[in-house]
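**Q** The structure's right below; bear with me while I get my questions together.
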């Protein structure tokens, strides 16, 4: 049986994943952490598989949670930029560590997937 403190930690992780874990959010955050303040169009080019609607939705969610700050320049056409807030920048070491872990273990994960797929009769390639 899970202790109360452990349950609270699981709840905290679940809430955190809602903030940073939804589709496209890690890619958006990576762009802003490493690229500084960016125009919307630059983010869009960096994440070409995200639709305009989904990218806008995710940026609004990140803004609502205080992770990203939005700047609208009153020019024609309007220019919109985004940057990480101080709160958001605290994620930098977490993303750095995740990237490092992924680089170190990517081949291990792929090998495990192949072994799993062979064992379970799947023909998966990745």
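Read-outs throughout are calculated quantities, based only on the coordinates presented, and are distinct from any laboratory measurement. Small disclaimer: the values here were computed from a predicted structure and weren't measured. Glycine also receives a Cβ, built like all others from the backbone with ideal geometry; neighbour counts cover every protein chain displayed.
**Q** Which whole-angstrom value gives the distance between the alpha carbon centres of the range 1-18 and the range 67-126?
**A** Centre-to-centre (Cα) distance: 22 Å.
**Q** Hey, with R₀ at 22 Å, roughly what FRET efficiency would residue 17 and residue 83 work out to, going by the Cβ-Cβ distance, to 0.05?
**A** For R0 = 22 Å, the calculated efficiency reads 0.45.
**Q** Let me ask something else. Can you give the angle from 0 to 90° between the axis of helix 92-119 and the longest principal axis of the chain, with both taken from C-alpha atoms, to the nearest 10?
**A** 40
**Q** I would also like to ask the following. Once the Cα atoms of helix 52-64 and of the chain are each reduced to a long axis, what angle between those two axes, in degrees from 0 to 90 to the nearest 10, is obtained?
**A** 80
**Q** Oh, and also: So how much slack lies between residue 111 and residue 76, counting 0.36 nm per residue of separation and subtracting their Cα-Cα distance, in nm?
**A** Between residue 111 and residue 76, full extension yields 7.4 nm more.
**Q** Before rounding to the nearest 500, sum -39500 (n - 2.57) across all DSSP H runs of length at least 4 in the chain and divide by the residue total; then give [θ] at 222 nm in deg cm²/dmol.
**A** After summing the helix terms and dividing by residue count, I get -20000 deg cm²/dmol.
**Q** Using the number of other C-beta atoms within 10 angstrom as an exposure proxy, rank 43, 94 with the fewest first.
**A** Taking fewest neighbouring Cβ atoms as first place, the list is 94, 43.
**Q** Of the listed values [x] 75, 28, 24; [y] 38, 35, 24; [z] 59, 41, 25, identify the label whose number matches Cα extents along the principal axes in Å calculated from this model.
**A** [z]
**Q** For 13, 75, what ranking results if the residue with the fewest other Cβ atoms within 10 Å of its Cβ goes first?
**A** Going from sparsest to densest Cβ surroundings: 75, 13.
**Q** For the chain, set up a Gaussian network in which alpha carbons nearer than 10 Å are linked by springs, and say which option among 68, 33, 76 fluctuates the most.
**A** Most flexible of the set in this elastic network: 76.
**Q** Right, something else. Take the chain, connect every pair of alpha-carbon atoms lying under 10 Å apart with a spring to form a Gaussian network, then pick out the residue of 40, 116, 82 with the largest mean-square fluctuation.
**A** In this elastic network of the chain, the residue with the biggest mean-square fluctuation among 40, 116, 82 is 116.
**Q** Report the gain in length on full extension from residue 3 to residue 92: 0.36 nm times residue separation, minus Cα-Cα distance, nm rounded to one decimal.
**A** Between residue 3 and residue 92, full extension yields an extra 29.0 nm.
**Q** Of 60, 79, 70, which has the largest mean-square fluctuation in a 10 Å C-alpha GNM of the chain?
**A** 79
**Q** Just want to confirm a number: the relative contact order over the chain, from Cα pairs under 8 angstrom separated by 6+ residues, in percent.
**A** 20
**Q** Classify the range 1-66 from the C-alpha gyration tensor, please: rounded if a/c falls under 1.5, else prolate or oblate depending on whether a/b exceeds b/c.
**A** Taking the square roots of the gyration eigenvalues as a ≥ b ≥ c, the range 1-66 is prolate.
**Q** Once the piece of chain linking residue 101 and residue 120 is laid out straight, how much longer is it, given 0.36 nm per residue of separation minus the C-alpha distance between them?
**A** 4.2 nm
**Q** By how many degrees, 0 to 90 and rounded to 10, does the Cα axis of helix 4-20 deviate from the longest principal axis of the chain?
**A** 50
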